[in-house]
Amino acid sequence: MRVKPLFVIISTLSLFLAVVLIYPSPPVTPSKSSDSTSAKSDIWSVQRIVEWRPCKWWLQSHLTPLPAKSNGFIRVDCYGGLNQMRRDFCDGVGIARLLNATLVLPKFEVAAYWNESSGFSDVFDADYFITQMNGFVNVVKELPPEISSKEPHRVDCSKRKGQFDYIESVLPSLLKYHYVSITPAMSQRRDRYPKYAKAALCQACYRALKLTESLEKKANKLLEAIPKPFLSLHLRFEPDMVAYSQCQYSGLSPTSMKALEAARGDDRKPWTGEAARIWRNRGKCPLTPNETAFILQALSIPKNTNIYLAAGDGLMEIEGLTSIYSNVVTKSALLSGEDFETMHGNTKAALDYYVSINSDSYMATYFGNMDKMVAAMRAFEGLYKTLFLSRRAFAEFTSRGLEGKLLMEALWKAHKDDFIKGRGSALSDCFCEFKL
C-alpha cells in the first residue's frame, strides 16, 4: 500500500521532465532594476519619502499684535539681479518686524551690468503687498513729510564677518536716527528671530509678492504659448558665469572661447593642475549644455520633451542641448520682437520665474537665488517635480573614468536619492519636512 504513492510521484516527475524537454523555456533575461536608465519610467516616477511643505506655525498661526508705536523706518536697499533683490527684501521684512520698524518699500540698486532701470513697483504689485502684509509688519509707500526730505542713516550689514545680529547692530541706530537703510547680511542670526519675525519674512516671500498686472498678463501669455506638458530648465552657461567659476573647459567653439576670454579679463584666470581638479570635484563648475543633455538622458527624460529654456542672454554652446532635445523654446522666440526688446533684465527674469513655478516640472543646473525661490514656491503650491542637477556628482563620476552606460547609471542613482529625500527642494526657514 505504501509503494503506490511513490509510484505516483515518480510518474509525475517523469511527465514533468518530458514536458520541459519538448517545450524548452525561453532564455532568461536580466530583470530591469529600478535603478536602470533603460527603464521606461523617468525620474519623476520614483516614489519620494520626504516632502517640504509650508510650516503650520506661520501658515495657520495667530498673529502677534504689532506694537502700538514703531521704532522708526527701515528701507531695504537691494542689489544684483531680481531674485537676489527679492531674497534681500524678504530678509528685510523679517528684520523690520524684528526691530519693530515700519518698512519703506525697497530701493532697487542695479549695476549697469544688469542693464536695468526698473524699481519695485515696476515688477511687483505694491498695493497687493501692503494688503497681504497687514498684521505682519507696517508698510508704507512714502515717508511722512518730516522725514521724507532726509536721507536715511546707512547701516552697513553686508560685509561683516561672522554672525550678524541686527538687534545689537541696527536697533541703536534706528532708535537714534528714526530712519535707516540696510542691505541684509548673508550671515544673519535667524536663530534669534522670534516666530512673529520669521512669519513676516515667510508671508512676504511666499504670499505677498505678486507681479504687477501688466507683467503677469505678459507672463500668462508666454505660459500659454509653451507646448504642454513642459519642463522648465534653468541652464546657466553664460560667459560671465563661466568666467566667475574659474573653471577650465575643453572643446568649446572659437566663438565661446572668445566670449569667455573677454569675460575673464585679467583677474579671473582659470584654475590649473591639481587645483582645477579639486575645484571641479567640489561641484564648482557649471554644467555645459551637452553635459546637461547627458544627465537628462540618464534620468530617462524623453528626447521629445517640451523644454522651456529659462536662461539669460548669451548662453554658450546651446547646440549641445538642442542637438539632442529638439523641442526647446525660449521667451525671445515666443514673445513678439517689440515686447521682448522693450524688457529690462528684471522683467525678463520675472517671466522666467513665473513660467518656472507654473511648469509641469523644473530642473536647474545651478543652485542660485532663482532656483531656491522657484523650488520653494513650487513646494508652497504642492508641485514636487523639482530637481537640481548635481555638478558635483557629474564631476566625481567622470574623474573616476566612468562613461557611457556606467556613468548614466551612477547619475541616475545619485539624482534618484536626491529626489527621494527632497534635498534642496525648499527653504528651511518657512518650510517643514514631512515624512511620506
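What the table shows:
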{"item": "Magnitude of the charge dipole, the range 190-336, Cβ model with Lys/Arg +1 and Asp/Glu -1, debye to 20", "result": "740"}
{"item": "Entries of 141/372; 385/421; 303/421 with Cα pairs more than 18 Å apart", "result": "141/372; 303/421"}
{"item": "Out-of-range pairs (alpha-carbon distance over 27 Å; input 56/284; 269/413; 221/413; 69/176; 331/435)", "result": "56/284; 269/413; 221/413; 331/435"}
{"item": "Cα-projected label distance for residue 149 with residue 381, points at 7 Å along beta-carbon direction, nm", "result": "4.8"}
{"item": "Computed magnitude of the charge dipole of the range 266-415 (debye, nearest 20; Cβ of K, R +1, Cβ of D, E -1)", "result": "720"}
{"item": "Additional length obtainable on full extension of the chain from residue 323 to residue 62, 0.36 nm per residue less Cα span", "result": "88.6 nm"}
{"item": "Gyration tensor verdict on the range 297-397 (Cα atoms; rounded if a/c is under 1.5, prolate if a/b is larger than b/c, oblate otherwise)", "result": "oblate"}
{"item": "Sum of side-chain charges, residue 254 neighbourhood, beta-carbon under 13 Å (Lys, Arg +1; Asp, Glu -1)", "result": "-1"}
{"item": "Estimated vicinal HN-Hα couplings, Hz - the range 314-326 in sequence order (Karplus 6.51, -1.76, 1.60; Gly, Pro = x)", "result": "x, 4, 8, 6, 5, 4, x, 8, 6, 6, 10, 10, 8"}
{"item": "Pairwise FRET efficiency - residue 257 versus residue 213, Cβ, R0 = 35 Å, nearest 0.05", "result": "0.20"}
{"item": "347, 272, ranked by accessible area, largest first (probe 1.4 Å)", "result": "272, 347"}
{"item": "The range 293-436 - percent of accessible surface contributed by carbon and sulfur, probe 1.4 Å", "result": "49"}
{"item": "Pair residue 417, residue 277: separation of 7 Å Cα→Cβ label points (nm)", "result": "2.3"}
{"item": "Whole-Hz couplings from phi, Karplus 6.51/-1.76/1.60, listed for the range 81-87; x for Gly and Pro", "result": "x, 4, 6, 5, 5, 4, 4"}
{"item": "Rounded percent of accessible protein surface that carbon and sulfur make up, the range 225-286, 1.4 Å probe", "result": "56"}
{"item": "Sequence-distant residues sharing a close amide H with residue 170 (under 5 Å, placed H)", "result": "none"}
{"item": "Accessible surface of residue 216 - all protein chains present, 1.4 Å probe, nearest 10 Å²", "result": "50"}
{"item": "In Å², nearest 10: area of residue 59 left accessible to a 1.4 Å probe", "result": "50"}
{"item": "Those aspartates and glutamates that a straight Cα-Cα span of less than 16 Å connects to residue 217, excepting residues fewer than 8 apart in one chain", "result": "122, 125, 338, 339, 352"}
{"item": "Net charge contributed by nearby residues that have their C-beta within less than 14 Å of residue 265 (K/R +1, D/E -1)", "result": "0"}
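The values are calculated or read from the model by the stated rules, or taken from the named source; none is laboratory data. Here the structure is a predicted model, which is why all the values come from computation and not from measurement. Every residue, glycine among them, receives a Cβ derived from its backbone with ideal geometry; neighbour counts consider all protein chains shown. Areas reflect the complete protein model, heavy atoms only, side chains present, ligands, DNA and RNA absent. Shrake-Rupley method; radii C 1.70, N 1.55, O 1.52, S 1.80 Å.
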